[in-house]
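Colleague: Got a structure for you, questions after.
Read the figures in this text as sums done on the coordinates, not as results from a lab. Just so you know, these numbers come straight off a predicted model, no measurement behind them. Don't worry about glycine lacking a Cβ; one is built from the backbone with ideal geometry, like all the others, and counts go over all protein chains shown.
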Amino acid sequence: MLRVHTPPPHQLGLGVGFGSGRMQAAQRAGADDVGYRGTAGPYTILEAAYRYNVGPVTSIGLAFTTHFFTHVETIGDLGFSCCGPFPYGLMPFFSFMADVGLHVPIF
């Protein structure tokens with residue numbers, strides 16, 4: 001993942017990452033009859049963040065992150081919901097995180 005940010009102490013940052021990933025299992029709230037399962041495939045993550053450097057060693061921050069899994073299929077109580085040669089679809093996951101971290105300058 002590559003992140004760029006403004007200078008401290010108030011850091012606004014953007015990040016993007018690429019790789020291969022697998023969404024194991026997911027289910028919508030209140031949807032007991034439908035779930036999602038994935039296989040390994042291209043994976044992308046996007047992040048927007050704010051961090052405040054408390055001192056030379058620690059920081060606190062908030063990050064909004066979106067994960068995009070590309071090989072996800074819907075599975076219901078009656079089996080697969082898609083048919084045909086390409087049953088897979090795109091599934092985004094959104095997360096909002098608060099963090100406390102250590103600053104380790106590498107370069």
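Colleague: Ordered by residue, what ³J(HN,Hα) values in Hz, to whole numbers, does the range 58-67 give under the Karplus form 6.51 cos²θ - 1.76 cosθ + 1.60, where θ = phi - 60° and Gly and Pro are x?
Modeller: Coupling constants for the range 58-67: 10, 8, 10, x, 10, 9, 9, 10, 10, 10 Hz.
Colleague: Additional query: Show the residues, 5+ positions off or on another chain, whose built amide H is closer than 5 Å to the amide H of residue 23.
Modeller: 38, 39
Colleague: Taking amide H atoms as placed 1.01 Å from N in the peptide plane, list the residues 5 or more away in sequence, or in a different chain, whose amide H sits under 5 Å from that of residue 54.
Modeller: Sorted by chain and number, the residues that satisfy this are 59, 60.
Colleague: Then there's this: Can you run phi through the Karplus equation (6.51, -1.76, 1.60; θ = phi - 60°) for the range 35-43 and list ³J(HN,Hα) in whole Hz, with x for Gly and Pro?
Modeller: Working through the residues one at a time gives x, 10, 9, x, 10, 4, x, x, 9 Hz.
Colleague: Just to be sure I understand the model, the point goes 7 Å from the Cα along the line to the Cβ. What's the resulting residue 12 to residue 96 distance in nm?
Modeller: 1.9 nm
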